[in-house]
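Reading through the structure tokens given below for one structure.
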Amino acid sequence: MTQSLWPHPVAAITKEERLARLTGLRQAMQARGVAATFLGPSESLRYFTGLVWHPSERLLGAVVTEDRLTYIVPGFERSRVESLPHLPGDILSWEEDESSVALVAGLIPPSGILALDDAIALSFYHAFAGQMGAARLVDGGGMLNALRMIKSPAEIALIQYAMNITQEIQRKVRDMIAPGIAASEVSRFIDQQHRAAGADNGSTFSIVSFGSATSLPHGADGEQILSAGDVILVDTGCRIDGYHSDLTRTYMLDGGKAEFERAWGIEREGQQAVFDAAKLGTPCESLDAAARAAFARHGLGPDYRLPGLPHRAGHGLGLDIHEAPFIVRGNRTPLATGMCFSNEPMIVFPDAFGVRLEDHIFMTADGPRWFTTPASSPSSV
């Protein structure tokens, strides 16, 4: 990607930053006694090398060793890989009747340990185990995720820009939506707006729910038509240079029913409790506990019981829309500068309605900061 073709006021990730990431990976490998890491066709491949590839049954990826970056590609895809943005490195290709994992194994000392990208298919793990022996394989997920979990200023700027786009689109949806409109029409509008703003391939997802469907955290199947007095939930996002936005708003168009307004206020209280609990060094699970405690004070829950919060209070965000750190019971990972995660302790009233307000937080040396301004009332976004 050349800077002259880059249409946004925020900078794309540079070659220099990716090289620094590789240095960090090599240091982590050395500390763990790992001779090489195999990056599959995953967001980790993009993170470290800039190469974007979609998984298939054919092995493609990159091998990182102490002093070498080597791409492993199917022979007939080599010319395409060469044409795509990626860090410089050797390219080794394999033909259809050859073993791709043997090509990888040949880059590693006979007794060397290979860390595997945790996003590769199980079939590839079995192929590596058959070629090298399972004792020489380790799960590289923890190492890769620990590096990706701490965002650089450039990453935070990209996420902020994507969030700003989606928050403005949420406002536009609030202005255009009216009784009689179909959820699919709202989703098309959102996608068009994301595309017009220059997002990577439009919306990454769009959940538009009306009425009782809002009690289903990930929406209902089939078409929905908005009726007067329906609760509205819109959850959507986009990508800029691969980095995600993700923003949910729940509201009613005209005033609102007392029970909804009360629930909305409790939801906002729970969301604020998560933010207030987000202190450097605090374990991630404490934020989830803060949301549940806020809800329990209003007779919701406890734990995952309904009416209440049926899932974790948040998830990390970056090149994957759901990545470490997860804001969930049992996760003792301490919050650190550079972590980015959602704050979405949804309240579900089964078969009636749900309220989810989702904004995201990034941790600074001075504590938590919002990427987006939380909604201010049950009829606003």
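Numerical summary
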{"item": "Nonlocal amide H pairs with Val138, under 5 Å, H built at 1.01 Å", "result": "Leu114, Ala115, Leu116"}
{"item": "Under the Debye formula (equal points on every Cα, no solvent term), log10 I(q)/I(0) of segment 3-148 at q = 0.22 Å⁻¹", "result": "-1.55"}
{"item": "Segment 150-370 - charge dipole about Cα centre, Lys and Arg +1 at Cβ, Asp and Glu -1, debye rounded to 20", "result": "420 debye"}
{"item": "Rg in Å to one decimal, and Dmax rounded to a whole Å, for segment 4-58 via C-alpha atoms", "result": "14.0, 42"}
{"item": "Loop GluC sites (Glu not before Pro), segment 52-160 (other Cβ atoms within 10 Å of the site Cβ: 16 or fewer; DSSP)", "result": "Glu57, Glu66, Glu95, Glu96, Glu98"}
{"item": "Overall Cα dimensions of segment 150-370, principal axis frame, Å, largest first", "result": "48, 44, 27"}
{"item": "Relative packing of 209-215, 27-33, which averages over residues the other C-beta atoms within 10 Å, highest first", "result": "209-215, 27-33"}
{"item": "Segment 182-340, relative contact order in percent, only Cα pairs under 8 angstrom and at least six apart counted", "result": "17 percent"}
{"item": "Centre separation in Å (Cα based) which lies between segment 286-347 and segment 31-87", "result": "33 Å"}
{"item": "Residue-wise HN-Hα coupling along segment 339-351, computed from phi with Karplus coefficients 6.51, -1.76, 1.60 (Hz; x: Gly, Pro)", "result": "6, 10, 7, 7, 10, 8, x, 4, 10, 10, 10, x, 6"}
{"item": "Which labelled figure in (1) 1.01; (2) 0.98; (3) 1.74 is Rg/Rh (Cα atoms, Kirkwood Rh), once derived from the coordinates", "result": "(1)"}
{"item": "Length-normalised contact order for segment 3-148 - Cα pairs under 8 Å, 6+ apart - percent", "result": "24 percent"}
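Read-outs: derived from the displayed coordinates by stated rules, not from any lab. As the structure is a prediction and not an experimental result, all values here were calculated from the model. Ideal geometry is used to build each Cβ from the backbone, glycine not excepted, and the neighbour counts take in all protein chains shown.
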